[in-house]
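Quick notes on the structure that follows.
Laboratory data are not the source of any read-out in this text; all were calculated from the coordinates shown. The structure presented is a predicted model; accordingly, all values stated were derived computationally and were not measured. Heads up, the Cβs are rebuilt from the backbone with ideal geometry, glycines too, and the neighbour counts pull from every protein chain shown.
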Amino acid sequence: MKRKLCHIALFALSVLLLISCGAGKSLKKAEQSYALGEYFDAAKYYKKAYSKTPPKQRKSRGVIAYKMGDCYQRINYTLRARGAYMNAIRYKYQDSIVFLRLADMHLKNGDYKNAAKNYEAYLTYKPDDQLAQNGIKSCELAPEWKKNPTRHIVKRFPLFNSRRGEYSPMYAGDDFDQIYLTSSRDQAKGNDLNAITGMKSTDIFMAKKNEKKQWESPEPLESEVNSEFEDGACAFTPDGKTMYFTRCRKDGTSPVYAEIYVSQRTGANWGSPQKCEITKDSLSSVAHPAVSPDGAWLYFVSDMPGGIGGLDIWRAKLSASSTIEYIENLGEPINTPGDEMFPTFRSNGTLYFSSNGHPGMGGLDIFRAIEDKKGTWKVWNMKSPMNSPGDDFGMTFEGEHYRGFFSSNRGDGRGWDHIFTFEIPEASYTVTGWVYDREAYELPDAIVNIVGKDGTNEKVNVKKDGSFTKKLKRGTSYVMMASCRGYLNFKQELETDTIEQDKEYTLQFPLSSVTRPVLIENIFYEFDKATLTPESTEALDELIKLLNDNPHVTIELSSHCDYKGNDDYNMRLSQRRAESVVNYLIAGGIEKERLTAKGYGESKPKVIRKRLAEKLKFVKDGDILTEEFIKTLPEEQQEICNAINRRTEFTVLRTTYKMYK
């Protein structure tokens, strides 16, 4: 990312260099190139001066090594920069800043252990330095983010890349069928190598989709937008008629400053670009334009006075005629003492930018930011795999879809940038349901009606095992009604999550028979009384729901006792208990005409069903728990059977209540 910004700040030598005449000539050229921001050439001359400086001149060697490292890190030769900073420390370079710079290079190479070591060394000199403190946090967070990546899928996109560098892709076109990108490939104008980067100056290229909706190779933009200078990092107004881009002009005699230019579309071509007058400050750079989705703001990057760190993100209010009314710094928490660059937007207004000042994974990390109604920003790191130890920046989205392109120099030892794709696969929301007889097993003839607020309205047949599976949509409410001939309907409601991650829901549909008594589990009464205990509430509320879901059903509510005690007493007690349940249901809104209370005492012992038989083992399907049968069992099993006989059930009497009214 060697051309991200062309602003040069003169960096004065901290000590007077006393070196041999052989090194003096190279050193002079190095200082001249450095002053002009020609870091590639400056690094070359510093390297010559370093090699010609005798090792015994330790102080001079330390200074030259530091300056050489400074040039290398500016053009993203991080491995060379790391070696140069290590030499500066070896030769006792006087300024403690060298520990911070070396830590940054370790961080950009994913060496978090040595990065933390050097951040800690720097903090012994500057204990309150925010960048070093964030560096320590980065060393702790980055390994965890790498170990637990997000759902993003990131791939290099060979068609858009060349043997040189490409960065800052940007969608355009009504159908998002065009991509503008910045490249230093061979087709860029001019033949000379840029003394700043060591490559050709960049131009803006454009790729488009063919009739088969496939991307074609990028071609140079045929307009006056491209020049002999560095041109790139473009952005468009929402109507696509105006392009803003960055240009770095140079004359060979003064430092280079980045400027923003604007071009208007005339037909199919872009018109002659004009400089966008954002500020009258001629000694500050402005670059990396981005227009807000509503077209009201032009966001940009600058090192102008009034900022928080090196490079800050600012924004300019655009009038109806696209003139600039005023500018403002985005402030914290967007900007830091480090560098914030490459603002871009998603169509929903979310801001994306890159920073090396927030805790991150290495160089520039991509961050997501949302501004609330009060103008307060919340910022999130995009984590791995969107971010890497290298520089990651320049996102562009394909309309409302969560996919697109971005640029990164990850995995490139030369520090050259390349175009990558990204996407989050659509999260999968699935429901698996099981439909079965409440006291038996699966019901393969059942049908489940599914109705959703998204317009879903369909019937699903269950499988032989009574199950069904259905894909759902995110953040949607559904009602599912299971039905089967000979059974009451059973309804479940479900609302899917809104978070972007796969999730599977499991629902149970226990159907109640209309031809035999159905046990109501978890109904409890006070000892030797008809008073319901609080523990019975949940089961009775479920019964109310079932009756509401089956409004044409009338039922007999029956209570049963075991054979212990007086027969008449048990009969009266069971009747009072059945009436207690009916009264609860009436209080819950069920019409009393639909309910009949009946106490059977011990006269109707439980008939064992298959499911219960398999659970108990000592009884079989069809056994009747009479007094005679129970007394043939061991004492422990007798008590189990007596407890089963003490039960509350309902039996369907009619299924046509008020149906023909």
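Quick notes on this structure:
- Taking a straight line from the alpha carbon of Lys155, these lysines sit under 21 Å away, with near neighbours fewer than eight places off in the same chain left out: Lys108, Lys146, Lys147, Lys208, Lys209, Lys213, Lys383.
- Cα-based shape type of region 518-654, given that a ≥ b ≥ c are square roots of the gyration tensor eigenvalues and the cut on a/c is 1.5: prolate
- Qualifying trypsin sites (Lys or Arg not before Pro) for region 111-156 [loop in DSSP, other Cβ within 10 Å: at most 14]: Arg151
- Dipole magnitude of region 545-584, debye to nearest 20 (Cβ charges: Lys/Arg +1, Asp/Glu -1, about Cα centre): 140
- Of the GluC sites (Glu not before Pro) found in region 200-274, those in coil by DSSP whose Cβ has at most 14 other Cβ atoms within 10 Å are Glu211, Glu216, Glu222, Glu224, Glu228.
- Positive dipole terminus of the chain, leading residue within Ala116, Gly466, His152 (C-beta point charges): Ala116
- Packing order of peptides 611-624, 645-658, highest average first: 645-658, 611-624 (average count of other Cβ atoms within 10 Å over each peptide's residues).
- Crossing angle, helix 130-147 versus the chain [Cα axis fit, 0-90 degrees, rounded to tens]: 50
- With Cα atoms, 0 to 90° folded angle of helix 635-645 axis to the chain main axis: 90
- Note on Glu426 and Thr632: with the Förster distance fixed at 45 Å, the Cβ-Cβ geometry gives a FRET efficiency of about 0.15.
- The dipole here belongs to the chain: it is taken about the Cα centre, uses +1 on the Cβ of Lys and Arg and -1 on the Cβ of Asp and Glu, and is about 2540 debye.
- Protection proxy ranking of 309-316, 563-570 - average other beta-carbon atoms within 10 Å, highest first: 309-316, 563-570
- Degrees separating the helix 537-549 axis from the principal Cα axis of the chain, which is the longest one: 90
- The lysine pair count for region 429-511, using Cα distances under 13 Å and pairs eight or more places apart or on different chains, is 5.
- Proximal charge balance of Tyr429 [Cβ under 12 Å; K/R count +1, D/E count -1]: -2
- Global geometry of region 153-423, whether rounded, prolate or oblate, following the gyration tensor of its Cα atoms and the 1.5 cut on a/c: rounded
- Loop-located chymotrypsin sites (Phe, Trp or Tyr not before Pro) in region 418-511, at most 15 other Cβ atoms within 10 Å (DSSP): Tyr441
- Entry for Kirkwood radius over Cα pairs in Å (calculated from the structure that is shown) out of [x] 30.8; [y] 25.7; [z] 31.6: [x]
- Counted over region 518-654, the DSSP beta bridges are approximately 60% antiparallel.
- Straight-line reach from Lys25: taking Cα to Cα under 28 Å and skipping same-chain neighbours fewer than 8 places apart, the lysines in range are Lys2, Lys44, Lys47, Lys48, Lys52, Lys56, Lys59, Lys67, Lys92, Lys200, Lys250.
- Taking the centroid of alpha carbons for each part, region 616-661 and region 512-541 are 14 Å apart.
- Charged-residue dipole, Cβ positions (Lys, Arg, Asp, Glu), region 153-423 about Cα centre, Debye nearest 20: 460
- Chain lengthening between Ala35 and Asn210 when straightened (0.36 nm per residue, less Cα-Cα): 58.4 nm
- Per-residue extension of 0.36 nm, minus the Cα-Cα distance of Tyr125 and Ser603, leaves a gain of 163.0 nm for this segment.
- Antiparallel DSSP beta bridges within region 429-511, percent to nearest 5: 75
- Nearby aspartates and glutamates by direct alpha-carbon distance to Lys658 (threshold 19 angstrom, same-chain neighbours under 8 apart not counted): Asp549, Glu556, Glu591, Glu593
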